[in-house]
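Colleague: Got a structure here, written out as structure tokens. Questions coming.
Where a number appears in this text, it was derived from the coordinates with a stated rule and is not lab data. It should be emphasised that the depicted structure is a prediction, and the values quoted were computed from it without experimental measurement. We place every Cβ from the backbone using ideal geometry, glycine too, and count neighbours over all the protein chains shown.
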Amino acid sequence: MTIGIGIVGCGMIANFHAKAIADTEGAELVACVDRNPDLASAFGEKQGCRPYSSLEAMLADPAVKAVSICTPSGVHLDPAVAAAEAGKHVIVEKPLEITTERCDKIIEACEKAGVRLTVTFQSRFHESSKLMKKAVEAGRFGKITMGDAYVKWYRSQEYYDSGAWRGTWALDGGGALMNQAIHSVDLLVWLMGPVEEISAMMATMTHERIEVEDVAVANLKFASGALGVIEATTTSYPGALKRVEISGDKGSAVLEEEDIKDWQFAEETAEDDTIRTEMADQTDSGGGAADPSAISHHGHTMVFEEFISSIIEDRPSRIDGHEGRRSVEVIEAIYESAKSGQRIKLS
């Protein structure tokens, strides 16, 4: 069984989706569309798929069974809902949308139509991330007391100037948090569980002509009682790999992109030495720390494999809309706290 996929939005990230689709068994890129017909034509020629001049025309193509949304973040809603209403399965580049209200509309449309929805949080599929999750679920950290995420990246002024949508609340949904750090926010909440309370500050410190933050710091209280910190910036030259740290009274571990940098537990197991050795040098790219195109597509491939499996097996994706919504909810609360100066409680 092969699932034909049409891409909506033919910018930079669409190329990573195309490569991932090509590497995914049971998936085939068959169509693309962009509001710029010339861009769609060039992308279609490069990727070997049929370009369309309108979303409606692409959705009418019976070869298109699923749609990959690669538009700017603040315009994921309309094409995702249109695809669902046309009976197409939907995979959305992160974030799912820029507010929880808009996320909920996508989730509702997909559930009403009975189609599968997946969000591209590829960091969950790294072997290092899965090992960390397994250790959490096994209780190896004991009582977890802290969970922290650090994204100290760099983006030039030229990066923001390269697209009118970049750095805007309406289309980017935010800055260092919503665009860059959301993968780490997703990982942190996936590992630590729900966030109960947030207090935060943010600023725009070095970039011009943007509406959004390039520096943000948030204090978190998780439902478990553990505390944590999220730090995100696009002002930290030359850019460092993102880090997620978990600490407990029986163990601690540090993820740096795909590497495990620290792995210490009071009760050692036979595989711990192997993990420390084999998982210490897994990252083979810049991780997007300074250049958003300096990432590998293999993470996206794993997400597409999960997407296709969920369709064939007729089951919810492991990173469905509800999972994709969680990081948006946390970031939305961080923005609310930073703007109001108040602590925000999450439901």
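Colleague: Could you give the size of the charge dipole of segment 148-264 about its Cα centre, using +1 on the Cβ of each K and R and -1 on the Cβ of each D and E, expressed in debye and rounded to the nearest 20? Mind dumping the intermediate values first?
Modeller: Numbers: 9 positive and 19 negative charges, 9 e Å.
Dipole of segment 148-264, to the nearest 20 debye: 40 debye.
Colleague: Report the per residue volume, in Å³, of the convex hull enclosing the C-alpha atoms of segment 100-237. Let's see the in-between values first.
Modeller: Values: hull volume 20.1 nm³, N = 138.
Enclosed volume per residue, from the Cα hull, is 146 Å³.
Colleague: Between Val229 and Lys134, what length comes free when the chain is fully extended (0.36 nm per residue of separation minus the Cα-Cα distance, one decimal in nm)? The partial results should precede the final answer.
Modeller: Numbers: separation 95, 0.36 × 95 = 34.20 nm, distance 2.20 nm.
Stretched fully, the Val229-Lys134 segment lengthens by 32.0 nm.
Colleague: Could you give the distance between the Cα centres of segment 3-21 and segment 164-236, to the whole Å?
Modeller: That distance is 26 Å.
Colleague: Pick from Met146, Met205, Met132 the residue whose mean-square fluctuation is largest in a GNM of the chain, springs joining Cα atoms under 10 Å.
Modeller: Its mean-square fluctuation being the largest, the pick is Met205.
Colleague: Shifting gears a bit: Once the piece of chain linking Ala63 and Glu127 is laid out straight, how much longer is it, given 0.36 nm per residue of separation minus the C-alpha distance between them?
Modeller: Length gained between Ala63 and Glu127: 19.6 nm.
Colleague: In a Gaussian network model over the chain where Cα atoms closer than 10 Å are linked, find which of Arg325, Arg50, Arg243 has the largest mean-square fluctuation.
Modeller: Of the options given, Arg50 has the highest mean-square fluctuation.
Colleague: For the chain, list the DSSP H helices whose alpha carbon atoms reach 18 Å or more along the long axis and whose average Kyte-Doolittle value is -1.0 or above? Walk me through the intermediate numbers first.
Modeller: Numbers: long enough: 100-113 (20 Å, -0.67); 298-312 (21 Å, 0.61); 321-340 (28 Å, -0.68).
Once both thresholds are applied, what remains is 100-113, 298-312, 321-340.
Colleague: Assign one of three labels to segment 235-347, namely rounded, prolate or oblate, based on the Cα gyration tensor with a ≥ b ≥ c the square roots of its eigenvalues; rounded applies when a/c is under 1.5, prolate when it is not and a/b is larger than b/c, and oblate otherwise.
Modeller: Working: a/c = 1.36, a/b = 1.13, b/c = 1.20.
Rounded, because the longest to shortest axis ratio a/c is under 1.5.
Colleague: Let me ask something else. Which shape class applies to segment 208-284: rounded if a/c is under 1.5, otherwise prolate when a/b exceeds b/c and oblate if not, where a ≥ b ≥ c are the square roots of the Cα gyration tensor eigenvalues?
Modeller: Details: a/c = 4.53, a/b = 1.54, b/c = 2.95.
Oblate shape, in that a/c is at least 1.5 and b/c is the bigger or equal ratio.
Colleague: Determine the gain in length on full extension of the stretch Lys46-Thr145; use 0.36 nm per residue of separation and subtract their C-alpha separation, reporting nm with one decimal.
Modeller: Details: separation 99, 0.36 × 99 = 35.64 nm, distance 4.99 nm.
Between Lys46 and Thr145, full extension yields 30.7 nm more.
Colleague: If the limit is 27 Å between Cα atoms, which of Lys133/Lys339; Lys19/Lys105; Lys152/Lys221; Lys133/Lys250; Lys112/Lys242 go over it? Could the numbers behind the result be given before it?
Modeller: Working: Lys133/Lys339 33 Å; Lys19/Lys105 29 Å; Lys152/Lys221 22 Å; Lys133/Lys250 15 Å; Lys112/Lys242 37 Å.
Correct reply: Lys133/Lys339; Lys19/Lys105; Lys112/Lys242.
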